Amino acid sequence: MTITITTAPCCWGVDDVNNPNLPAWERVFDEAAAAGYGGLELGPYGYVPLDDALVAKALAERNLFIVAGTIFDDLVSPENRETLLRQTEEICAVITRLPQPEQVAGQRFRTPYLTVMDWGHDERDYAAGHSDRAPRLDDKVWTGMVANITAIAELAARKYGVRAVIHPHAGGYIEFADEVERVAGDIPKEIAGFCLDTGHSYYAGMDPVEMLRRYADRLDYVHFKDIDQTVFDRVLGEKIRFFDACGQGVMCPIGRGVIDYPAVKRTLEEIGYHGFITVEQERDPRNVAGSLEDVKQSRDYLRSVGF
């Protein structure tokens, strides 16, 4: 198993680009390098400048690369198609001009990836982690979401050679086991792969190890998180938005939570996964002072169990 471990700006609380408390992107780059990571994701659209020369220089100065860009937006609404395709164009145009890591033997698709996540629906945000009470899309609306994702993936691949990977995300309309299975059936792996996230799988009531095994044939990229079980049990008993739960510490450094990472490692070895794994830990950006220590702890723990 050949694995490269990277990180992402969400470890510094960067999820909503309109949040006034976000740290400077240069700080994220500085601390990612200081914690021992060779690369990271670009983060949500609009956080890091869409200026490839500026960002490439900043990465090179820190010996960093970019592994993926992110679309984190409403994938459901037909009227959002133009915005989604504009983001696809702008993100792919930048990430394909930024420093890239060495590609590894056995890796299905080269970097950079375009991670595609649904977000922006109050009725699902407040139902994150609760499959029994989360509303589902009807067939017509679901078909429209599939068409939006397909359009993103086809544009990214055709024009930029970028592989789109669908990321099931707590609080979006692709979260629970039935939705992951449905999107896997409706969007062929020839069009888009999966980025499975251990933390979001667990949050949604699924076994992260089983999910990796079940969708091994389209697993192109992986996110690692860990969950503080005590906080998780408490926030599931509240009416709370997903990122408010993150602000309360439901995500913790890897190795300090409930997810069995030795079992994850064995599973990735069994399915023959080669490529990139990104460490994430969503948090309130007002707690950014703890980010460097936490991402270093996660990296050190993963190294201790063989990653």
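The values are calculated or read from the model by the stated rules, or taken from the named source; none is laboratory data. This structure is a prediction, so every number in the text was calculated from the model and none was measured. Don't worry about glycine lacking a Cβ; one is built from the backbone with ideal geometry, like all the others, and counts go over all protein chains shown. To get the accessible areas, we keep the full protein, side chains included, count just its heavy atoms, and leave off ligands, DNA and RNA. Shrake-Rupley method; radii C 1.70, N 1.55, O 1.52, S 1.80 Å.
If you filter segment 195-243 down to residues that are without any contact (Cβ under 8 Å) to a residue 40 or more places away in the chain and among the polar types (S, T, N, Q), you find that the one that is farthest from V258 (Cα to Cα) is S201.
Filtered by the rule that a residue be open to solvent by less than 30 Å² (accessible area, probe 1.4 Å) and either part of a helix (DSSP H, G or I) or modelled with pLDDT under 95 (or both), segment 276-288 gives P285, V288. Within segment 226-250, being open to solvent by 10 Å² or more (accessible area, probe 1.4 Å) and among the hydrophobic types (A, V, I, L, M, F, W, C) holds for V231, F232, L236, I240, F243. Pairs linking a residue in segment 162-188 that is open to solvent by less than 10 Å² (accessible area, probe 1.4 Å) to a residue that is at pLDDT below 95, with Cβ atoms under 8 Å and 6 or more positions apart or on different chains, do not occur. Contact map, segment 248-270: first residue closer than 15 Å to V222 by Cα and part of a loop (DSSP other than H, G, I, E, B), second residue open to solvent by 10 Å² or more (accessible area, probe 1.4 Å) and aromatic (F, W, Y), Cβ cut-off under 7 Å, separation 6 or more or different chains; pairs are I254/Y301; I259/Y202. Any residue at all in segment 130-137 that is hydroxyl-bearing (S, T, Y), in a helix (DSSP H, G or I), at negative phi and open to solvent by 10 Å² or more (accessible area, probe 1.4 Å)? The answer is no; no qualifying residue exists.
Residues of segment 11-30 that are closer than 30 Å to G106 by Cα and open to solvent by 10 Å² or more (accessible area, probe 1.4 Å): none at all.
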